[in-house]
């Protein structure tokens, strides 16, 4: 603030004074009013009223704006946390419901098969006996897979998964998985396997890598229609191996692709085309691939199919 105080004997003109100028007539007091009879005016000039006021309020205004911004950001963050917690609660409930259903279904099927063997003379019919035993074996395989998924989840939480690397024959591992999956499904499945020369011998953890193949093939069968077409290819690129799994299934919506590797995530709340699951398979697959210093990607188109691509080092 710059002030200029001045005194003048010239009467102010009738014209408008400059902005910020104040003039008042000065009247001498006491004896001076009788000795000095000249009229005088006292003036004060401020360069800017607005700048002066703003300079006094600037700190308070800035602090108020800052506090308001903090309150808005905190409110938005609180809303986000509440929505995330709500989503997690829904996913937890969905996981428990699906897990309960997945465990009860094979148990009930095995119980019915055993009851048929005991009470309906199925033991006297070798064909029925074989059929019921095959059903029980398949359902026990489902139970084993689900228990393995839950145990894998516990291992992930404790970061206790350790890889025991060994050289494997990729073609043999894939073929074993395909034979088992053909036996377990009642769909018509056509597998196409294409492994390039030099891509058959890789150094991985045999158990976990077999689980990767099993999860991806099982998903491809579950999320396909009755006539299932699955193609598995492997090729060598420099010092890395690229394995792709493609199918002619129902596909995944574009908006859901970024969530498919999240734990417990299920498209459409865990129930799509009456297919049940617990939402752990793909998160486990991604973890094992990353432990092998690799990565996994997915491409999909609704009503056309899905393709998963694994890229890992050969050694």
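We did not get these values from a lab; they are worked out from the coordinates using the rules stated. For clarity, every value in this text was computed on a predicted model and none was experimentally measured. Virtual Cβ from ideal backbone geometry, glycine too; neighbours counted across all protein chains shown.
A few remarks follow.
- In terms of packing, defined here as the mean over residues of other Cβ atoms within 10 angstrom, the peptides 224-231, 209-216 line up highest first as 209-216, 224-231.
- Each peptide in 256-265, 125-134, 287-296 gets a packing score, the mean of other Cβ atoms within 10 Å over its residues, and the list from highest to lowest is 287-296, 256-265, 125-134.
- Packing rank of 301-310, 61-70, 112-121, 166-175, where each peptide gets the mean count of other beta carbons within 10 Å, highest leading: 301-310, 166-175, 112-121, 61-70
- Straightening the chain between residue 185 and residue 135 buys 16.9 nm, computed as 0.36 nm per residue apart minus the Cα-Cα spacing.
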